[in-house]
1. Among (1) of a type outside the set (S, T, N, Q); (2) part of a loop (DSSP other than H, G, I, E, B); (3) in contact with a strand residue (DSSP E or B) (Cβ under 9 Å, 6 or more places away or on another chain); (4) free of Cβ contacts under 8 Å to residues at least 24 places away in the same chain, which single condition is Ile259 missing?
2. Out of curiosity, is Arg250 within 29 Å of Asp126 (Cα to Cα), more than 16 Å from the ligand (Cβ to nearest atom) and open to solvent by 20 Å² or more (accessible area, probe 1.4 Å)?
3. Can you tell me how many residues in region 253-297 are under 25 Å from Leu177 (Cα atoms) and away from the ligand (no atom under 16 Å from the Cβ)?
4. May I ask you to verify whether Phe34 is within 16 Å of the ligand (Cβ to nearest atom), in contact with a helix residue (DSSP H, G or I) (Cβ under 9 Å, 6 or more places away or on another chain), within 30 Å of Ala244 (Cβ to Cβ) and assigned by TED's automatic domain parsing to the domain that holds Glu286?
5. Select from region 164-188 the residues that are in contact (Cβ under 8 Å) with a residue 60 or more places away in the chain, part of a strand (DSSP E or B) and open to solvent by less than 10 Å² (accessible area, probe 1.4 Å) and list them in ascending order.
6. Can you name the residue in region 99-118 that is among the aliphatic types (A, V, I, L, M) and within 11 Å of Lys270 (Cα to Cα) and is also farthest from the ligand (Cβ to nearest atom) among such residues?
7. Looking only at region 200-227, how many residues end up being in a strand (DSSP E or B) and away from the ligand (no atom under 15 Å from the Cβ)?
8. Only residues that are open to solvent by 50 Å² or more (accessible area, probe 1.4 Å) and more than 19 Å from Ile251 (Cα to Cα): list them for region 1-39, please.
Amino acid sequence: MNAAIRAVVRTAIYHDIAVTGIYHGYQGMIDREFVDMNRRSVSSIIQKGGTILKSARCLDFKTKEGREKAYNNIKSQGIDALVAIGGDGTFTGAKIFSEEYDIPVMCIPGTIDNDLCGTDYTLGYDTANNTVIEAIDKIRDTASSHNRVFFVEVMGRDSGCIALSAGVGGGAEAILLPELNSGIDDLLDEIYLAESRNKTSMIVIIAEGDKNGGAYNVAKIVKEKIPHLDIKVSILGHLQRGGAPSSFDRILGTRMGYIAVNELLKGNSKATVGIRGNQMVTTPLEEALNTKELKLDDELLAIANIMNK
Ligand code: F6P
């Protein structure tokens, strides 16, 4: 997100446009948390995780009164257009706000979950994948040295994108994904197959949105069915959301911030920027929020099923 903030600030200033940073997202619009930004305000932030402008879940912005207050505040501050960075909550807020008020809005998809349409990749997803893969590598040392089965739970909310990508990249023996809705019996089959092929340790990735009740529950059921397994659980949690962004995310954030400003200058609004096949694109917010279009990469799924045997 910091790479995107930096690019928005520097691209706007390049075009002689003044930039106001808003702390805590929509909450800051309501509470008047504004700060003038210049090129130096975004020095040395491209390598930092999180966001220098801070983040908040804002319930007030879900109300008409909250949005009216936000609009009056940004207008009195002299703000003529908004760039909002975040996930589906941010996008939904931006859509409603820009329909109610005459203010150009451009969104930048920032979430580790990769669960927004209009882009192949959301900001933070690649960094989170790298973090998970590094964790799997480390866990595997114990798994293989001690002949253990590890259940590793990863984030992603309802999306299995991190689980699938990190599962393939980390060489997981099995992956439980919310999109596939597979039951424990399928997992047991995978474990029996692995044992029959003389595998002495396993890494099973469980997406947090998986419907089998989380890694501890899956571990408990598997232990009941196959008592001789030495099972351990590792829930990676919020370490997946922090840390220095990957090279891919820094460049993507920079491209997204640059495009967001340029698209606003061209008169584009109520849209999100995204990347499709290495081309920067924009997509109307309405389409970007249509998550029915979202699906896992079928080819990667097929590959995972061959690699894990
Ligand atoms: O949406 C990003 C995400 O990290 C999800 O993967 C996870 O379910 C959720 O946020 C965690 O949110 P919080 O930090 O509020 O617990």
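1. (2) is the only condition that Ile259 fails.
2. Yes; evaluated as a whole, the condition is true for this residue.
3. Of the residues in that region, 10 qualify.
4. no
5. Scanning region 164-188 gives a single hit, Ala174.
6. Ile103
7. 3
8. His15, Asp16, Ile17, Ala18, Tyr23, His24, Asp31, Arg32, Glu33, Asp36, Asn38
The values are calculated or read from the model by the stated rules, or taken from the named source; none is laboratory data. The structure presented is a predicted model; accordingly, all values stated were derived computationally and were not measured. We place every Cβ from the backbone using ideal geometry, glycine too, and count neighbours over all the protein chains shown. Heads up: the accessible areas ignore ligands, DNA and RNA and are worked out on the full protein's heavy atoms, side chains in. Shrake-Rupley method; radii C 1.70, N 1.55, O 1.52, S 1.80 Å.
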